Amino acid sequence: MRKTRSTVADALEGLLRDGMTIMSGGFGLCGIPEALIEGIERSGARDLTIISNNAGVDGIGLGRLLATKQVKKMISSYVGENKLFAEQFLSGELELEFNPQGTLAERIRAGGAGIPAFYTKTGVGTIIADGKEVRSFNGEDYVMETGLVADLSVVHAYKGDAEGNLVYRKTARNFNPMMATAGKVTVAEVEHLVPTGSIDPDQIHTPGIFVDRIIHVPAPTKHIEQRTVRPRIEENA
Amino acid sequence: MAWTRDQMAARAARELQDGFYVNLGIGIPTLVANYIQEGMDVRLQSENGMLGMGPFPYDGEEDADLINAGKQTITTLPETSFFSSADSFGMIRGGHIDLSILGAMQVAENGDLANWMIPGKMVKGMGGAMDLVAGVKRVVVVMEHEAKGQAKLLRECNLPLTGKRVADLVITDLGVFTIARRGEVDMRLIELADGVTLDEIKAKTEAHFTVALDAVAA
């Protein structure tokens with residue numbers, strides 16, 4: 001059960017092909033598998049369908065795959081931070097499927113858990129429900145949404161071991177745990193690769209069964225989209 | 001005279017109750033956090049996976065792994081917990097969040113709400129808005145009364161909806177309205193902003209509403 005790979009190229013070897021579907025973790029630029037995304041960029045794989053809450057920003061994260069026109073379709077909940085995205089979408093080069101954020105999260109969770117479809121009240125009476133089954137439970141309407149799976153999931157975690165067990169950090173967790181479960185193959189990049197047995201089993205967020213390959217990316221550059229601070233007042237008072 | 005953004009936020013903060021779990025949207029709703037009464041114990045939820053959201057960090061203490069749903073850097077509190085997006089929307093959809101305060105482009109007299117899409121313009125996406133309005137127990141809208149001279153409180157929304165019959169209360173710069181989410185359509189004006197007349201608010205509102213100003217004064 002050798003899951004540890006030493007390079008990004010090695011971690012993605014034999015997994016990438018044109019036209020495939022890839023899930024990519026993160027919320028905004030927080031918790032994105034940046035090294036693996038850059039590996040996908042270098043591979044040149046094209047016509048990709050990418051499932052990710054957001055689409056990166058120009059030059060960072062999934063924004064890089066947009067720049068190289070490797071993306072055919074995005075399934076996302078919010079893409080407002082990416083100018084290139086707007087251009088490609090408006091010119092018809094890029095397909096887009098919007099999902100409400102909670103519906104997207106649940107579709108991925110369901111996909112990974114072997115649940116083909118579920119009912120939710122999110123989007124009832126809106127264009128999101130167009131063409132979908134609506135069914136009443138206890139006098140309330142719910143719309144049917146389907147589970148999502150991907151050919152490949154790429155995720156980012158704070159800590160991991162050779163077994164594939166993962167621990168996320170703060171709000172960098174977001175979509176990563178569900179995506180890890182919903183990829184036919186899941187590759188994780190971790191900031192700290194620790195000896196098996198050193199993570200308290202009670203503290204593991206993603207059990208290793210969901211992770212096929214793991215790569216150590218020490219001290220990655222992390223990006224902040226909206227740096228907001230408060231002034232230090234009367235510190236010496 | 002009408003309410004400023006901060007006065008609208010302060011009015012929205014009066015909808016908070018001790019012990020509430022609350023989700024604040026982007027824009028004026030974010031300002032509500034500045035007006036939480038002393039001694040009022042509320043927990044702010046951020047839909048990217050955090051409960052117990054703290055204030056912005058001090059300069060130099062930003063953490064790229066610690067952001068809110070607006071992608072702003074924030075801090076933890078002793079009561080903070082982190083979780084996945086699926087758990088976060090389980091809280092929202094499952095009715096565990098008491099109050100959602102958010103902005104809107106249009107609200108109809110029956111509580112229909114539109115805040116995510118203008119046909120013909122580049123759409124950024126609905127993010128978590130559809131889940132919030134569908135799942136949170138009480139939905140408070142904070143918005144300008146008009147957009148470029150056009151009424152935003154309408155008989156029917158003409159923009160694509162975020163949710164059907166989901167708004168409970170609308171706070172604008174001119175006043176406060178309650179809306180019935182079930183049964184007969186019932187929208188009531190319950191407060192006027194300082195210096196705003198009934199005639200002015202009637203002129204700037206397309207939605208049909210009854211005037212129930214005494215209900216509040218009583």
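The values are calculated or read from the model by the stated rules, or taken from the named source; none is laboratory data. What you see is a predicted model, and the numbers here were worked out from it, not measured in a lab. For neighbour counting, all protein chains shown are included, and Cβ atoms are generated from backbone atoms with ideal geometry for every residue, glycine included. Each accessible area value is taken on the protein alone, full model and side chains, heavy atoms only, with ligands, DNA and RNA left out. Shrake-Rupley method; radii C 1.70, N 1.55, O 1.52, S 1.80 Å.
Things worth noting here:
- Label point distance in nm, B:Gln150-B:Ala203, each placed 7 Å from Cα along Cα→Cβ: 2.1 nm
- Summarising the amide proton neighbourhood of A:Val57: residues at separation of 5 or more, or on other chains, whose placed amide H is nearer than 5 Å comprise A:Leu62, A:Gly63.
- Here's the list of aspartates and glutamates a cross-link from A:Lys121 could span, going by alpha-carbon distance under 15 Å and ignoring same-chain residues fewer than 8 apart: A:Glu106, A:Asp130, A:Glu133, A:Glu140, A:Asp141, A:Glu145, B:Asp112, B:Asp131.
- Only Cα pairs under 8 Å and 6+ residues apart enter the sum, and on that basis the relative contact order of chain A stands at 22 percent.
- Springs between Cα atoms under 10 Å define the GNM used for chain A, and in it the highest mean-square fluctuation of A:Glu93, A:Glu163, A:Glu133 occurs at A:Glu133.
- Residue among A:Gly59, A:Gly147, A:Gly28 with the largest mean-square fluctuation in a Gaussian network model of chain A, springs linking Cα atoms under 10 Å: A:Gly59
- Bridge type composition, the protein assembly as shown - antiparallel percent by DSSP, nearest 5: 40 percent
- Stretch gain in nm, segment A:Ala113-A:Phe137, where the contour uses 0.36 nm per residue and the Cα spacing is subtracted: 6.4 nm
- Computed from the Cα positions only, the extents of the protein assembly as shown along the three principal axes stand at 73, 61, 42 Å, in decreasing order.
- In this structure the amide hydrogen of A:Arg46, modeled in the peptide plane, comes within under 5 Å of the amide hydrogens of A:Asp18, A:Gly19, none closer than 5 places in sequence on its chain.
- For chain B, the relative contact order comes to 19 percent (Cα pairs under 8 Å, sequence separation of at least 6).
- Shielding by partners - mean other protein chain Cβ count within 10 Å, residues of A:43-55: 1
- Cross-linked pairs A:Lys69/A:Lys159; A:Lys73/B:Lys124; A:Lys159/A:Lys222; B:Lys148/B:Lys204; A:Lys159/B:Lys71: Cα-Cα separations exceed 21 Å for A:Lys69/A:Lys159; A:Lys159/B:Lys71.
- The protection proxy used here, the mean number of other Cβ atoms lying within 10 Å of each residue, ranks peptides B:142-152, A:148-158, A:39-49 as follows, highest first: A:148-158, A:39-49, B:142-152.
- All other residues whose Cβ lies under 11 angstrom from that of B:Ile201 are scored, Lys and Arg at +1 and Asp and Glu at -1, for a net of -3.
- Comparing Cα centroids, segment A:125-147 and segment B:36-66 end up 34 angstrom apart.
- Approximating the spin labels as points 7 Å out from Cα along Cα→Cβ, the B:Thr4-to-A:Met144 distance works out to 5.4 nm.
- In segment B:5-217, the DSSP beta bridges split such that about 55 percent are antiparallel, to the nearest 5.
- Cβ neighbours within 10 Å from other chains - mean over A:75-81: 5
- Efficiency of FRET between B:His96 and B:Gln17 - r from beta-carbon atoms, R0 22 angstrom, step 0.05: 0.90
- Surrounding net charge for A:Lys222, when Lys and Arg each add one and Asp and Glu each subtract one, Cβ distance under 13 Å: -3
- For A:Lys69 and B:Ile118, the FRET efficiency from 1/(1 + (r/R0)^6), where r spans their Cβ atoms and R0 equals 25 Å, is about 0.40.
- Sequentially through segment A:50-60, phi angles give Karplus couplings (6.51, -1.76, 1.60; θ = phi - 60°) of 10, 9, 7, 3, 10, 10, x, 10, 4, x, 10 Hz, Gly and Pro residues having no value and appearing as x.
- Spacing of the modelled spin labels on A:Ala219 and B:Leu77, each 7 Å from Cα toward Cβ, amounts to 3.6 nm.
- Charge dipole of chain A (Cα centre as origin; +1 on each Lys and Arg Cβ, -1 on each Asp and Glu Cβ, all else neutral): 220 debye, rounded to the nearest 20.
- Cβ-defined net charge surrounding B:Gln7, 10 Å radius [Lys, Arg +1; Asp, Glu -1]: -1
- Relative contact order %, segment B:173-218, counting alpha carbon pairs below 8 Å whose residues are six or more apart: 38 percent
- Structure-based [θ]222 nm, chain B - -39500 (n - 2.57) summed over DSSP H runs of at least 4, per residue, nearest 500: -4500 deg cm²/dmol
- Protein-only accessible surface order, largest first, of A:Cys30, B:Cys157 at 1.4 Å: B:Cys157, A:Cys30
- Solvent exposure of B:Asp131, expressed as accessible area, is near 0 Å², computed with a probe of 1.4 Å over the protein chains only.
- For residues of A:162-173, the mean tally of beta carbons on other chains within 10 Å: 5
- Dipole magnitude of segment A:27-102, debye to nearest 20 (Cβ charges: Lys/Arg +1, Asp/Glu -1, about Cα centre): 120 debye
- Cα shape, segment A:4-216, gyration tensor, a/c 1.5 rule: oblate
- Using a Förster distance of 60 Å, the FRET efficiency for A:Ser6-A:Ile233 (Cβ separation, nearest 0.05): 0.75
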